[in-house]
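K.L.:
Below: one structure in structure tokens.
The values are calculated or read from the model by the stated rules, or taken from the named source; none is laboratory data. The shown structure was predicted, so the numbers you read here are calculated from the model rather than taken from an experiment. Here the Cβ positions follow ideal geometry from the backbone for every residue, glycine too, while neighbour counts run over all protein chains shown. We work out accessible area using only protein heavy atoms, side chains counted, and drop any ligands, DNA or RNA first. Shrake-Rupley method; radii C 1.70, N 1.55, O 1.52, S 1.80 Å.
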Amino acid sequence: MQREAHLNNAALMARRRAALPSGLGQSYDIVADRAENAEVWDVEGKRYIDFAGGIAVLNTGHRHPKIVQAVKAQLDKVHHTCFQVLAYEPYIDLAERLIAKAPGDFEKKAFFLTTGAEAVENAVKIARSATRRSAVIAFGGGFHGRTLLGMALTGKVAPYKAGFGPFPAEVYHAKYPNALHGVSESVALASIEGIFKYDVEPERVAAIIIEPVQGEGGFYLAPNEFIAGLRTIADRHGILLIADEVQTGAGRTGTWLACEQWGVAPDMVTMAKSMAGGFPISAVIGRATLMDAPGPGGLGGTYAGSPLACAAALAVLDVFEEEKLLDRSKAIGERLVAGLKAMAKKHVAIQDVRGAGAMVAIELFKGGDRSQPDADFTKRLVVEAAKRGLILLTCGSYANVVRVLVPLTASDALIDEGLGVMAACFDALA
Ligand SMILES: Cc1ncc(COP(=O)(O)O)c(C=O)c1O
């Protein structure tokens, strides 16, 4: 039977394609109608298990009742003043609570923006202002957003940078450690010394920005020894260390911030995504002495730190405490890794199962040959999973990684159901 056009995925997608530019990617030809916790229903009534979480935004699940309630209550009080014009308490509360949770035995300050890219841009602005230096070192495979500086920092050409240059100057890329693809920690550290030798003198470098676990880049984890080496290099040359925790932050890796596990503290941290459970807000948290470097008016934004998003972010913090979601992140991670390792025993294509807390991924190679990343099979796998009612995401420099970002509020039964669908997909496609 023909569905009404507004209740039909295909018809809505046809309208979408006619009205929207193709640069706006689309993982699936599915139009969401409603969602709850870790499940989504499309406009045709089909149910999906959500292992994508809106790309790491829904650690507290879809429409968590406490978050919805907090936003509704804020909506009835004040929903916009522009913080720089008239301040409001939830913004100040949130800054204080995030400062208290960030590692580092020094005074900190925090402020808010709207997107992850904006947080990254502002961290770099502060680093430049505080050090009076201009250069920035980022990493190959890293992702830092789609603004001009975000693209410049991002270490992947297609699709993020191709055709969009020229980019802001003085951004250099070092190698991110990646044992699976032959980049040892010492090679990665040496690549920074290489930048000092071939590209820019360390005295002109303001900051090194790094994702504790690369998100879009493939869920590769920077080992603590590497981070310690980075901190040493940074301290030797007066360079600041920025942890981009837009994807890893808000409990995804088993601690509130992944850099809590480092053993050394970054000078600044960026957050966004899950910090407000889907309401647009991002944060820069850092050493007070640095954060105060830009003059009044140098930081901010019209919508930055909106009252609704601040209320949502405060509710997220409460939900994490009340529902012990950091413990849950670790437990979900263990469950996912065990389930995926069982699949890897049966399917040689899965050459790596890795994770930090509930930030878990598998990496796929043709016939198990590690010199042949299998992007094609990876794509077929996620398409098959969606047909069977499971939303998955791919990532990685070679597009051969399937990542899981299931809400930390998901039940074990739902996670097992999702793993069951993945196993059935492997069996069907093998
Ligand atoms: C580590 C990291 N930094 C920055 C960004 C950019 O965030 P946004 O898309 O909110 O601008 C992302 C987005 O995926 C990210 O994963």
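K.L.:
Taking the stated definitions as given, is residue 260 acidic (Asp, Glu), open to solvent by 10 Å² or more (accessible area, probe 1.4 Å) and more than 17 Å from residue 358 (Cα to Cα)?
P.N.:
no
K.L.:
Answer yes or no: is there a residue in segment 341-348 that is hydrophobic (A, V, I, L, M, F, W, C), touching a helix residue (DSSP H, G or I) at 6+ places or on another chain (Cβ under 9 Å) and open to solvent by less than 10 Å² (accessible area, probe 1.4 Å).
P.N.:
Checked against the condition, which is being hydrophobic (A, V, I, L, M, F, W, C), touching a helix residue (DSSP H, G or I) at 6+ places or on another chain (Cβ under 9 Å) and open to solvent by less than 10 Å² (accessible area, probe 1.4 Å), segment 341-348 yields no hits at all.
K.L.:
If I filter segment 410-421 for residues that are touching a Phe, Trp or Tyr at 6+ places or on another chain (Cβ under 7 Å), within 26 Å of residue 46 (Cα to Cα), part of a helix (DSSP H, G or I) and touching a residue at least 12 places away in the same chain (Cβ under 8 Å), do I get at least one hit?
P.N.:
yes
K.L.:
Kindly indicate whether any position in segment 236-244 is over 22 Å from residue 126 (Cβ atoms) and open to solvent by less than 10 Å² (accessible area, probe 1.4 Å).
P.N.:
No: segment 236-244 contains no residue that is over 22 Å from residue 126 (Cβ atoms) and open to solvent by less than 10 Å² (accessible area, probe 1.4 Å).
K.L.:
Separate question: Does residue 67 qualify as being farther than 30 Å from residue 32 by Cα, more than 16 Å from the ligand (Cβ to nearest atom), assigned to a helix (DSSP H, G or I) and β-branched (Val, Ile, Thr)?
P.N.:
no
K.L.:
Taking residue 58 and the conditions (1) aliphatic (A, V, I, L, M); (2) part of a helix (DSSP H, G or I); (3) within 28 Å of residue 158 (Cα to Cα), which numbered condition does it fall short on, given that it satisfies the others?
P.N.:
Exception for residue 58: condition (2).
K.L.:
On the given criteria, is residue 381 in a helix (DSSP H, G or I), closer than 28 Å to residue 142 by Cβ and in contact (Cβ under 8 Å) with a residue 40 or more places away in the chain?
P.N.:
For residue 381, the condition - in a helix (DSSP H, G or I), closer than 28 Å to residue 142 by Cβ and in contact (Cβ under 8 Å) with a residue 40 or more places away in the chain - is met.
K.L.:
Sticking with this one: Restricting the search to segment 223-244, which residues are among the small types (Gly, Ala, Ser) and either within 12 Å of the ligand (Cβ to nearest atom) or within 20 Å of residue 116 (Cα to Cα) (or both)?
P.N.:
The one that is among the small types (Gly, Ala, Ser) and either within 12 Å of the ligand (Cβ to nearest atom) or within 20 Å of residue 116 (Cα to Cα) (or both): 243.
K.L.:
Determine the pairs where a residue that is open to solvent by 40 Å² or more (accessible area, probe 1.4 Å), located within segment 111-122, has a partner that is more than 7 Å from the ligand (Cβ to nearest atom) and part of a helix (DSSP H, G or I) with Cβ atoms under 7 Å apart, the partner being 6 or more residues away or on another chain.
P.N.:
Close Cβ pairs (under 7 Å, with a partner that is more than 7 Å from the ligand (Cβ to nearest atom) and part of a helix (DSSP H, G or I)) amount to 121/149.
K.L.:
Pairs needed: first member in segment 178-197, more than 17 Å from residue 142 (Cβ to Cβ); second member anywhere, part of a helix (DSSP H, G or I) and open to solvent by 50 Å² or more (accessible area, probe 1.4 Å); C-beta distance under 7 Å; at least 6 residues apart or different chains.
P.N.:
Listed by first residue and then by second, the contacts come to nothing, as the list is empty.
K.L.:
Also: Report, by residue number, each residue of segment 125-163 that is surrounded by 24 or more Cβ atoms within 10 Å (Cβ to Cβ), of a type in the set (A, V, I, L, M) and within 12 Å of the ligand (Cβ to nearest atom).
P.N.:
Answer for segment 125-163, where residues must be surrounded by 24 or more Cβ atoms within 10 Å (Cβ to Cβ), of a type in the set (A, V, I, L, M) and within 12 Å of the ligand (Cβ to nearest atom): 138, 153.
K.L.:
Related question: Please go through segment 1-39 and give me each residue that is part of a loop (DSSP other than H, G, I, E, B), open to solvent by 50 Å² or more (accessible area, probe 1.4 Å) and either in contact with a helix residue (DSSP H, G or I) (Cβ under 7 Å, 6 or more places away or on another chain) or not aliphatic (A, V, I, L, M) (or both), ordered by number.
P.N.:
Within segment 1-39, 2, 3, 4, 21, 22, 23, 25, 26, 27, 29 meet the criteria.
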